[in-house]
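The values are calculated or read from the model by the stated rules, or taken from the named source; none is laboratory data. Predicted, not measured: the structure shown is a model, and the values here were computed from it. Reconstructed Cβ throughout: ideal geometry from the backbone, glycine too, with neighbour counts over all protein chains shown. All accessible areas refer to the heavy atoms of the entire protein, side chains included, with ligands and DNA or RNA removed. Shrake-Rupley method; radii C 1.70, N 1.55, O 1.52, S 1.80 Å.
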Amino acid sequence: MSDTNHRAEQIRAGRATLGIELGSTRIKAVLLDEDLQTLASGSHEWENELVDGRWTYPIDAVWDGLRACYADLVADTRQRHGTTPERFRAIGVSAMMHGYLAFDADGELLVPFRTWRNTSTGAASAALGEALDFAVPLRWSIAHLYQAVLDGEEHVGRIARVTTLAGYVHEQLTGTDVLGVGDASGVFPIDPATHDYDRAMLATTQAMVAEHAPSLDVRNVLPDVLVAGQEAGRLTEDGAARLDPSGSLRPGIPFCPPEGDAGTGMVATNAVAPRTGNVSVGTSIFAMVVLEHPLSTVHAELDIVTTPAGDAVAMVHCNNGASELAAWARVFGRFAEAAGTRMDADAVYATMLTEALASDTDAGGLLASNYLSGEPVTGVEEGRPLLVRPPSSRFTLGNLVRAEVYAAFATLSIGMEVLAEERVAVDQLFAHGGLFRTPGAAQQLLAAALRVPVAVGETAGEGGAWGAAVLAAYLDTAGEHSLTEYLDTRVFVDADVSVARPDADDLAGFAAYLDRYRRALPLQAAAAAATPAGPDSTRPQEKVTE
């Protein structure tokens with residue numbers, strides 16, 4: 001049997017594995033064969049909206065996007081393999097972490113979905129952090145919940161369930177209200193010994209909540225927690241019809257625990273063992289480093305989350321990633337089109353990044369800021385993208401692009417300095433996200449920004465949907481291997497990985513740039529005051545491929 005016929009037979013027999021991820025700007029689905037090679041993919045672009053001062057996605061957009069993404073996957077499967085999938089070996093769902101989805105006892109959404117991008121939870125975050133002696137970031141679900149309690153929001157008395165986007169989609173497809181431990185670790189602190197919510201911290205939080213909302217049982221409204229390898233329910237008839245209105249998809253398919261994009265990114269880069277880590281670059285940018293030992297103290301710049309297996313991870317999360325770079329790419333793409341040379345997005349990025357690599361290592365004195373929203377790591381409450389250049393600077397295309405790439409990495413670099421002070425060892429970081437589909441340039445500049453070797457593998461552009469599919473496939477062998485063993489011996493054993501080591505000139509150039517970046521942070525407050533958010537602020541953010 002030819003490889004083509006063999007793959008088609010796997011699809012018909014239901015032996016392929018499906019992974020779905022709802023990223024910030026794109027919903028993606030990936031279908032893997034028994035050897036974990038990509039058979040087909042589908043995608044759908046969507047955008048967050050600023051409604052009444054909060055970043056959100058309408059629930060209808062979630063399902064419209066999921067159906068469009070799945071239909072695109074089915075169409076790609078038919079085109080490549082001449083068959084329509086009706087069942088899968090397993091399914092995994094992933095989505096952007098954190099945020100707040102609150103439902104009443106009838107399953108009705110009480111307030112619009114509040115995403116990770118919102119920074120209106122300062123009072124709750126500070127109070128919880130002090131009481132728990134644990135850094136509770138603004139975007140965590142418990143911070144959103146407690147802020148709603150502190151603000152006396154009307155819906156609090158009707159809350160029956162709080163979950164994340166991945167947990168919500170999973171529950172709608174399976175009827176099971178659970179989270180993978182990695183996603184749950186962005187909801188409430190996890191006890192590394194039990195791989196469940198920390199009981200002592202829950203008791204403290206419950207006492208704090210009871211002062212304002214005595215009828216709200218915090219633990220009761222949170223999803224149950226599962227680790228990688230545990231079955232987390234099966235596709236229901238209603239779930240199958242909701243994902244695939246054509247009626248081809250059959251119920252009964254097992255699901256792995258729903259995970260956050262951080263966890264599936266770790267899987268997609270084989271970064272789940274101690275001394276490994278990864279960097280995800282998209283609308284936001286974050287680094288994850290698996291810890292060998294607990295940190296000596298609490299750091300506001302660091303989240304303590306977990307791998308999908310429950311091991312402790314230090315996470316540096318920055319709200320602002322490559323969106324501003326994407327905006328420049330759109331401008332340059334339109335310029336090329338207007339000049340009579342149409343270029344696809346990958347070609348635009350390749351041209352820009354090639355120029356950046358050949359530019360001055362300090363970006364010629366240019367300074368760019370990528371802040372489209374507030375940035376907790378640097379204490380910026382409201383962001384404004386900026387480009388500042390003194391008369392002595394060298395304003396070239398390459399220096400402009402390098403300044404924007406450096407800006408995308410600068411805040412992450414500042415956050416990673418805390419890990420260095422804690423003497424957290426990391427042998428290398430694996431990078432993933434659409435920016436790394438262009439070989440070399442972004443990888444080399446990231447290595448200079450973080451002062452550590454940066455690896456990029458074949459799956460760098462696949463991202464979390466591929467990682468979700470791998471977690472789904474792991475269900476079959478979880479009783480035989482740990483997740484680390486499974487990834488090392490089954491998934492990445494023959495992986496083609498390129499490693500960029502920090503270049504001395506780039507290190508010096510980025511250090512000079514970062515010094516300018518730090519000194520210019522006060523400009524954000526002045527820019528925000530001079531350009532208050534108005535009607536135009538409701539327009540979607542620039543697209544960044546996740």
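Numbers below:
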item	result
Packing-based ranking, highest mean first, of 432-439, 401-408, 126-133, 413-420 given that Cβ atoms within 10 Å are counted	401-408, 432-439, 413-420, 126-133
Centre separation in Å (Cα based) which lies between region 332-398 and region 5-71	30
Antiparallel %, DSSP beta bridges [both residues in the chain], to 5	70
Percent RCO, i.e. relative contact order, over region 1-160, from Cα pairs under 8 Å lying at least 6 residues apart	21
Per DSSP, loop GluC sites (Glu not before Pro) in region 1-77 with at most 16 further Cβ within 10 Å	GLU34, GLU47
³J(HN,Hα) computed for each position of region 242-257 - Karplus, 6.51 cos²θ - 1.76 cosθ + 1.60, integer Hz, glycine/proline x	6, 7, 9, x, 5, x, 6, 6, 9, x, x, 6, x, 10, 7, x
Cα-projected label distance for GLN230 with ASP106, points at 7 Å along beta-carbon direction, nm	3.2
Protection proxy ranking, peptides 383-392, 466-475, average beta carbon neighbours within 10 Å, highest first	466-475, 383-392
For the chain, size of Cβ-based charge dipole, Lys and Arg +1, Asp and Glu -1, in debye	1060
Accessible area per residue in Å² at 1.4 Å probe, computed on region 43-181	34
Carbon and sulfur %, accessible surface of the chain computed with the full protein complex present, 1.4 Å	49
Extension reserve of the ALA241-ALA200 stretch, reckoned as 0.36 nm per residue once the Cα distance is removed	10.6 nm
